[in-house]
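Worksheet: the structure to be examined is printed underneath.
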Amino acid sequence: MTTPDEHSDLWIRRYHPAPEQPYRLVVLPHAGGSASFFFPFSRDLAGQAEVLAVQYPGRQDRRGEPALDNVPELVDAIHRALEPWSDKPFALFGHSMGAVLSFELAQRFEAEGAPLTGLIASGRRSPAIHREESVHTRGDDALIAEIRALSGTDAGLLADEELLRMVLPAIRSDYKAIETYRFRPTGSGPALRCPVSVLTGESDPRVGLDEARRWEELTSGEFTFRSFPGGHFYLTPQAAGVTRAVAEDLAAFAAVPAAR
C-alpha cells in the first residue's frame with residue numbers, strides 16, 4: 001500500500017475528513033463538473049463514510065492544467081490517485097460521465113482484489129448501450145446550448161460570458177471523452193461482481209428509465225434501482241432523498257463481503 005502523494009493530492013478533495021469512519025465513498029462528477037459539486041453530499045454523509053471527491057484537471061484550482069479528453073487516460077490517472085486510499089472498504093459513486101468512469105474503475109479495482117464494496121451509478125444509461133453523440137464536435141454556441149438544456153450548470157457561470165468561454169475547453173474535453181467511449185466486454189459473464197445501485201431522474205432527456213435499468217446486466221451482484229422526480233440533474237432538488245438512498249446503499253454494501 002502506497003501513501004498519498006502529489007498526484008493523489010491533485011485529484012482528491014477531502015472536504016470533511018473522517019478518518020475514523022470504516023468506509024470511504026469516492027464521488028466522480030459529470031462532464032464539465034468539479035469536485036465541489038459534491039460538497040453538500042460530503043457534509044451530509046460524513047457521519048457514515050469519508051467522502052473523497054475527484055477533481056478533474058482543467059477546472060477550478062486545476063484550471064491551468066490541460067483537460068484529458070478520453071476515458072482510458074482519465075481512468076488511469078484517477079486509479080493511480082485512489083490507490084493510496086484503497087486501504088479500507090470503499091464504494092464508488094459517479095454521476096453522468098462520472099458513472100462511466102466509476103464503472104471502469106470498479107472493473108479495475110475488482111481485478112486487483114481491492115476492497116470495493118459497491119458501485120452507485122447516477123444519471124447515465126448502461127455503458128453497454130451505445131449512442132452516437134457529437135456535441136464535442138460542434139461550435140461553442142451549440143455546446144453552451146447543450147449545457148443550458150441539462151440545467152446543471154450554475155446560473156452565474158452561464159450569465160458570465162467571459163468566464164464561460166474560459167471553462168469551455170475543459171467541458172468540450174469531457175464531452176469528447178464520454179462521447180468517444182466504447183464499452184468493451186472482458187469475458188462471457190457480467191463485467192462486475194459487486195452490488196450495483198442505479199439512481200436516475202424520471203424525466204432525464206438523456207437517459208430513459210429502461211436504459212438506466214440495464215445496468216443490472218453488468219453485475220452478478222445485487223442490483224437496486226431508484227428513480228426521482230426531475231431531469232438530468234435531479235440530484236440537486238432531490239438532495240435529501242438522494243442522500244438517504246446513498247446512505248442506504250452504503251449500509252447494504254457493508255453488509256456483504258467485498259467482491260474479490
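At a glance:
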{"item": "Condition check for residue 73: farther than 30 Å from residue 227 by Cα and modelled with pLDDT of 95 or more", "result": "yes"}
{"item": "Residue satisfying all of: in segment 8-42; in a helix (DSSP H, G or I) and hydrophobic (A, V, I, L, M, F, W, C); farthest from residue 232 (Cα to Cα) among these", "result": "10"}
{"item": "Residue that is surrounded by the fewest Cβ atoms within 10 Å (Cβ to Cβ), among those in segment 214-241 that are within 17 Å of residue 129 (Cα to Cα) and over 17 Å from the mean Cα position of the chain (by Cα)", "result": "217"}
{"item": "Leading residue by the ranking (surrounded by the fewest Cβ atoms within 10 Å (Cβ to Cβ)) among those in segment 165-203 that are among the hydroxyl-bearing types (Ser, Thr, Tyr) and in contact with a helix residue (DSSP H, G or I) (Cβ under 9 Å, 6 or more places away or on another chain)", "result": "186"}
{"item": "Within segment 143-156, considering residues that are hydrophobic (A, V, I, L, M, F, W, C) and exposed (fewer than 14 other Cβ atoms within 10 Å of the Cβ), the one modelled with the lowest pLDDT", "result": "155"}
{"item": "Residue within segment 72-83 that is buried (at least 19 other Cβ atoms within 10 Å of the Cβ), small (Gly, Ala, Ser), touching a strand residue (DSSP E or B) at 6+ places or on another chain (Cβ under 8 Å) and part of a loop (DSSP other than H, G, I, E, B) present", "result": "no"}
{"item": "Selection count where residues are assigned to a helix (DSSP H, G or I) and either under 18 Å from residue 120 (Cα atoms) or touching a residue at least 60 places away in the same chain (Cβ under 8 Å) (or both), scope segment 173-196", "result": "6"}
{"item": "Verdict on residue 124 being in contact with a His (Cβ under 8 Å, 6 or more places away or on another chain), modelled with pLDDT of 95 or more and part of a helix (DSSP H, G or I)", "result": "no"}
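The values are calculated or read from the model by the stated rules, or taken from the named source; none is laboratory data. Note that the structure is a prediction, hence the values are computed from the model and not measured. Because the Cβ atoms are built from the backbone with ideal geometry, glycine has one as well, and the counts that use them run over all protein chains shown.
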